[in-house]
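Bear in mind that the values in this text are calculations on the coordinates, not laboratory data. As the structure is a computational prediction, the values presented were derived from the model and not from experiment. Here the Cβ positions follow ideal geometry from the backbone for every residue, glycine too, while neighbour counts run over all protein chains shown.
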Amino acid sequence: MRARRPALASVEPHRGPRPESAPWRWALAGALLGLALTLALFAPAAWLAAAVQQASGGRVQLDEPRGTLWRGSARLVLSGGAGSQDRTALPGRLDWRLLPHWSGLRALLQADCCMGQPLRLALAPRWGGASLLLTDPGSRWPAALLAGLGAPWNTLQPEGQLDLSTPGLSVEWAAGRVSVTGSATLMVKGLSSRLSTLKPMGTYRIQLQGGQPATVALATLEGGLQLSGSGRWIGSRLHFQGVASAAPEHEAALANLLNIVGRRSGPRSLITVD
């Protein structure tokens, strides 16, 4: 008798997903995509406030944020950082608008108290760092805002006006080094301090000039308090040497302040930032 062959097990051909389940998968994918777009477009302004606080170590804060990440406003506050009790707020609110760009991110900042035109920022990623282009045609800030940064500003309690101009200033960070091109000018007008009875003490100019390395120069334009100095930006640190002194007729009124701003050397006070 001829041997019988074993019966072959029947194998069902592989079938893909059931046709009726495909619409549900597309619907789920569409819902997730819509949720992602909604979060991106309508992310709350509080997200930006948290990012700014973390990046600045708590020294720059956006209080009472309103609106979205892309278009909103907040109260700008300067602080001495974590654990500091020093805080000063800018009068009014700071408005912002963030604009994604093929090269990075563009931003417009407007503070009605201090800006005639918006401050324009352009942030672009670089290999191992980033670059920031800052265009400020002219803004005026209260010097009292600096007291929030803690020592020594909380002791000096400065008053006066800070006029800032940054025509095409560009700062680049790469491999832990800072490179500056362009220039910036800060005019300190009608400077006063609670440490001196002389009010105002004077008007001063601080000039930042890009290059290799970037340089900083301080000069007195007028006033009983005489300030001068120069410095260079090396790596990521500013190395500055300056001198503060008083006009002979104002030595008594400025003696206390000169003891605070630097190391006394006879009638002068030596200012070092290193």
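Classify the range 130-263 from the C-alpha gyration tensor, please: rounded if a/c falls under 1.5, else prolate or oblate depending on whether a/b exceeds b/c. Can you show the working numbers first?
Details: a/c = 2.08, a/b = 1.80, b/c = 1.15.
Prolate, since a/c reaches 1.5 and a/b exceeds b/c.
Across the range 90-249, C-alpha contacts under 8 Å between residues 6 or more apart give a mean separation that, scaled by the residue count, equals a relative contact order of 13 percent. Label sites at Ala217 and Ala89, each approximated as a point 7 angstrom past Cα along Cα to Cβ, lie 4.1 nm apart. Here the contact order of the range 40-171, divided by its residue count and restricted to Cα pairs under 8 Å and six or more residues apart, works out to 17 percent.
Amide H contacts under 5 Å for Gln157: none, restricted to partners 5 or more places along the chain or on a different chain, H placed in the peptide plane at 1.01 Å from N. A simple spin-label model places the labels of Arg120 and Ser165 1.7 nm from each other, with each point 7 Å out along Cα-to-Cβ. The modelled label-to-label distance between Lys199 and Trp173, using points 7 Å beyond Cα along the C-beta direction, is 3.9 nm.
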